[in-house]
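For reference, the structure discussed in these notes is given below.
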Amino acid sequence: MSKLYHDNTPLLLESGEVLAELDIAYDTYGTLNEAKDNVIWVCHALTANSDVADWWPHTVERDKFLDPERYFIICANFLGSHYGTTSPLSINPATGEKYYYDFPRITVRDMVAAHQRLAKHLGIERVKLLIGSSIGGFQCMEWAILEPHFMERLALIATTTCSEPWAAAFNESQRMAIRLDPTWGTKSDDAGIDGMAVARSIALISYRGGAAYNATQQELTTPEEASFERRAHSYQRYQGEKLRRRFNALSYYRLSEAVDSHNIARGRGSIAEALKQIEAQTLIVAITSDILFPPEAHEPMRQHIARNSYHLIESEFGHDGFLVEHEKLNRIIENFMSNR
């Protein structure tokens, strides 16, 4: 069950806007040892929550890299997500009503600033491992640059140093779908929800890619007559409806903007100069079929992070391979944690 940290200290965002107060939902697993040197901090991906065991299969288990018998594992729901942390559905103290469209634009650095407050509240000064995939990797990179001594080891999985036009194009198409929903603009928790279902179906194409679709959505039999309904069609509708039931379009919209704003070079000269500030022993993991953040997107990390090891996971599941290929990932991370 998630815990909630409430902070009354205003949070100044990169935009110049201020959140007067802050709620952060988080989960922990295992026991913090006396030396406080057994902490693993997980930064989650776009629509996940702080319950890692819920969305990252077979990782929070005995003899896995998030073994709660060995480690104290923390995951915080990031800023803007409606799974308990301050988001568009939170109450704006200035009005006494929900923020809705007045919720400010946020960046990945703003998300990290919120995480840093939680770490201070929990008395965590250093973690054994900071790990994240996708936008979780964005957060880890930013944190490792902003606070290089906070982590002993760093794991960056299926991620990138900046959002390229290819990824941003997918995100804008998703926002277009949300804006076309006739309920968008109304002050309602469900505003834009049907548009978000369409947006999710667009996102799935980038998460999986052609190889995964062709491997998993082929017709089971050859039709005798022309058929205009395909397995892939029902899969797209199912994925959209699944997110529709559990997420919120206002959060989804703001979070996609945060993804597009990601660039670790911003204000730091260049990507190379930014990455050279990372001091932790770093694991970099890419996925062969990832079309969102392909293997070549990981090259700057390989070239400019001083101490790193690189692994390429063979998978036909695209960007979602970091969720599906948990056995391969477990072996890689366990080896990384045991090497000096």
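The values are calculated or read from the model by the stated rules, or taken from the named source; none is laboratory data. Remember, predicted model here, so these are calculated numbers, not experimental data. In this analysis, Cβ positions are derived from the backbone assuming ideal geometry, glycine residues included, and neighbour counts consider all displayed protein chains. Remember, those area values only see protein heavy atoms, side chains included, never the ligands or the DNA or RNA. Shrake-Rupley method; radii C 1.70, N 1.55, O 1.52, S 1.80 Å.
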Assess whether Leu275 counts as being within 20 Å of the chain's Cα centre (by Cα), more than 19 Å from Ile40 (Cβ to Cβ), modelled with pLDDT of 95 or more and open to solvent by 40 Å² or more (accessible area, probe 1.4 Å). no
Within region 217-232, the residues that are open to solvent by 50 Å² or more (accessible area, probe 1.4 Å) and either at pLDDT 95 or above or in a helix (DSSP H, G or I) (or both) are Arg231
Heads up, the strands (runs of 3 or more DSSP E) in region 1-87 (entirely inside) with at least 1 residues that are charged (D, E, K, R) are 3-7, 22-29
message: With the structure loaded, tell me whether Asp110 is buried (at least 19 other Cβ atoms within 10 Å of the Cβ), acidic (Asp, Glu) and in contact with a strand residue (DSSP E or B) (Cβ under 8 Å, 6 or more places away or on another chain) or whether it fails that test.
response: yes
The correct count of residues that are open to solvent by less than 10 Å² (accessible area, probe 1.4 Å) and under 23 Å from Asp102 (Cα atoms) in region 62-85 is 6
Here the residues within region 286-307 that are buried (at least 19 other Cβ atoms within 10 Å of the Cβ) and either out of contact with any Gly (no Cβ under 9 Å at 6 or more places or on another chain) or of a type in the set (Gly, Ala, Ser) (or both) are Ala286, Ser289, Pro294, Ala297, His298, Pro300, Met301, Ile305
Query raised in the report: In this structure, is Phe247 over 30 Å from Met301 (Cα atoms), at pLDDT 95 or above and either within 18 Å of the chain's Cα centre (by Cα) or among the charged types (D, E, K, R) (or both)?
Result: yes
In region 247-279, anything in a helix (DSSP H, G or I) and hydrophobic (A, V, I, L, M, F, W, C) is listed as Ala249, Leu250, Leu255, Ala258, Val259, Ile271, Ala272, Ala274, Leu275
* Asked: Regarding Ala113, is this residue assigned to a helix (DSSP H, G or I) and closer than 19 Å to Asp23 by Cβ?
  -> yes
Within region 1-27, the residues that are surrounded by fewer than 18 Cβ atoms within 10 Å (Cβ to Cβ) and under 12 Å from Gly84 (Cβ atoms) are Met1, Ser2, Lys3, Leu4, Tyr5, His6
query = Does Glu299 meet the test of being of a type in the set (Asp, Glu), in contact with a helix residue (DSSP H, G or I) (Cβ under 8 Å, 6 or more places away or on another chain) and at negative phi?
reply = no
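Please count how many residues of region 28-45 are surrounded by 19 or more Cβ atoms within 10 Å (Cβ to Cβ) and either within 16 Å of the chain's Cα centre (by Cα) or closer than 22 Å to Thr282 by Cβ (or both). Full working, then the answer.
Looking only at region 28-45, we keep the residues that are surrounded by 19 or more Cβ atoms within 10 Å (Cβ to Cβ), and these are 29, 39-45.
If we keep only those that are either within 16 Å of the chain's Cα centre (by Cα) or closer than 22 Å to Thr282 by Cβ (or both) too, we end up with 39-45.
Going through region 28-45 one residue at a time, the tally reaches 7.
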Looking across region 166-186 at residues that are touching a residue at least 40 places away in the same chain (Cβ under 8 Å) and part of a loop (DSSP other than H, G, I, E, B), the single one that is least open to solvent (accessible area, probe 1.4 Å) is Asp181
In the set Asp194, Asp189, the lone residue that is among the acidic types (Asp, Glu), at pLDDT 95 or above, part of a loop (DSSP other than H, G, I, E, B) and more than 30 Å from Lys36 (Cα to Cα) is Asp189
Counting only helices (runs of 4 or more DSSP H) entirely within region 280-340, those with at least 2 residues that are more than 19 Å from Ala203 (Cβ to Cβ) and not aliphatic (A, V, I, L, M) are 299-304, 326-338
**Prompt:** Is region 121-130 home to any residue that is basic (Lys, Arg), surrounded by fewer than 20 Cβ atoms within 10 Å (Cβ to Cβ) and touching a His at 6+ places or on another chain (Cβ under 8 Å)?
**Reply:** yes
Notebook entry, point to check: Yes or no: Tyr238 among the aromatic types (Phe, Trp, Tyr) and open to solvent by 30 Å² or more (accessible area, probe 1.4 Å)?
Noted result: yes
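Only residues that are farther than 30 Å from Ser188 by Cβ and either open to solvent by 70 Å² or more (accessible area, probe 1.4 Å) or modelled with pLDDT of 95 or more (or both): list them for region 203-216, please.
Correct list: Asn214 only.
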